[in-house]
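Reviewing the structure listed below.
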Amino acid sequence: MNRYFFMDQDNALMDVIGLRDFDINGKRHIFTWEDTDRINDITSLYLDETKGECAPDFIKSPVYMVSEMAKKVIDMYEDDMVFKKIVLIHKEEERQLTYFHLLLKEIEAVDGSSEYYPNGMEKRLLLSQEKIGDHKAFLLADSRVRLPVVSLDIVESLLRRHVMGITFREIEVI
C-alpha cells in the first residue's frame, strides 16, 4: 500500500525571504489544475529587502509555489502537472529567484470511515487507496485540509535532494 503525506511550509525556518506585497505565512489563495487558463504563464513578484535571505523549496502563500528543483521532482512522478513560472525579484540586490505555481488536480480521496469533530473538521483522516488510484500529487476535494498531498516516492526524492523549508505529515491510507 502506498503512503501519502501533507506537504507544508516549515514556519520554523529562520531568516526566510519575504514578499513585498504579501505575507508568505499569511492567507493563501488556492488555485487548481482547472484554473490553468486563468493564470498567467509568468508572474513577477518583488522580494522585501527588509526580510531574510533563506529561500524555502515550498512557499504556501499567497499561492502554492515550489522551487525549480522541487518542480522537477514532482513533475517526474505525476502526469499532466501544470506549473506557471513565478519570478521573485530582489530589486535592491539585482537578483531573482525562480519558483513555480503548483496547480494540482483535486480528487475525492477521503475514505468514508474517516472520523470528524462536530464542527466538521477531520479528527482522523483516512484516504482510500482505491480513490487515489495512480495519483502521486494532488489536493483533497473532500477535505477541509487544503494542503498538497504527495506520495512517499516524492517525499523520499525531495529529501534525497536536501530540500529546505518543507515539512511532511503522514496521512493514513486504507
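Backbone amide hydrogens, once placed in the peptide plane, bring LEU104 within less than 5 Å of TRP33, excluding anything fewer than 5 places away on its chain. Straight-distance candidates among the lysines for linking to LYS72, with alpha-carbon spacing under 16 Å and chain neighbours fewer than 8 residues away dropped: LYS84, LYS85, LYS136. If you look at the Cα atoms of the chain, you get an Rg and a Dmax of 16.5, 53 Å. Here the Debye sum runs over all C-alpha atoms of the range 102-174 as equal scatterers in vacuum, and log10 of I(q)/I(0) at q = 0.26 Å⁻¹ comes out as -1.30. Pairs from the table (LYS105/LYS131; LYS71/LYS123; LYS51/LYS105) lying more than 25 angstrom apart at Cα are LYS71/LYS123; LYS51/LYS105. What the Cβ-Cβ distance of LYS51 and LEU159 gives, at R0 = 25 Å and to the nearest 0.05, is a FRET efficiency of 0.45. Residues whose amide H lies under 5 Å from that of VAL173, counting only those 5 or more places away or on a different chain, are LEU127; hydrogens are built 1.01 Å from N in the peptide plane. In this simple spin-label model, placing a label point 7 Å from the Cα along the Cα-to-Cβ direction at both ARG144 and LEU126 gives a separation of 2.0 nm. Rounded to the nearest 0.05, the FRET efficiency derived from the C-beta distance between ASP21 and TYR77 at R0 = 35 Å is 0.60. Helix 68-77 axis versus longest C-alpha principal axis of the chain: approximately 20°, rounded to the nearest ten.
Spatially, the range 10-74 and the range 111-143 are offset by 25 Å when compared through their Cα centroids.
Taking other residues whose beta carbon is less than 10 angstrom from the beta carbon of LYS71, and scoring Lys, Arg as +1 and Asp, Glu as -1, yields -1. Per-residue SASA remark: SER67, around 10 Å² accessible (1.4 Å probe; ligands, DNA and RNA not included).
Ratio of alpha-carbon Rg to the 2.2 N^0.38 Å globular estimate for the range 56-129, to two decimals, please.
Taking the Cα Rg and dividing by 2.2 N^0.38 Å, one obtains 1.52.
For the range 16-112, the convex hull drawn through the C-alpha positions has a volume of 119 cubic angstrom per residue.
The values are calculated or read from the model by the stated rules, or taken from the named source; none is laboratory data. Every value quoted in this text rests on a predicted model; they were computed, and no experiment measured them. Using ideal geometry, Cβ is built from the backbone for each residue, glycine included, and neighbour counts are taken over all protein chains shown. Ligands, DNA and RNA are stripped out before the accessible areas are found, and what is left, the full protein with its side chains, is counted by its heavy atoms. Shrake-Rupley method; radii C 1.70, N 1.55, O 1.52, S 1.80 Å.
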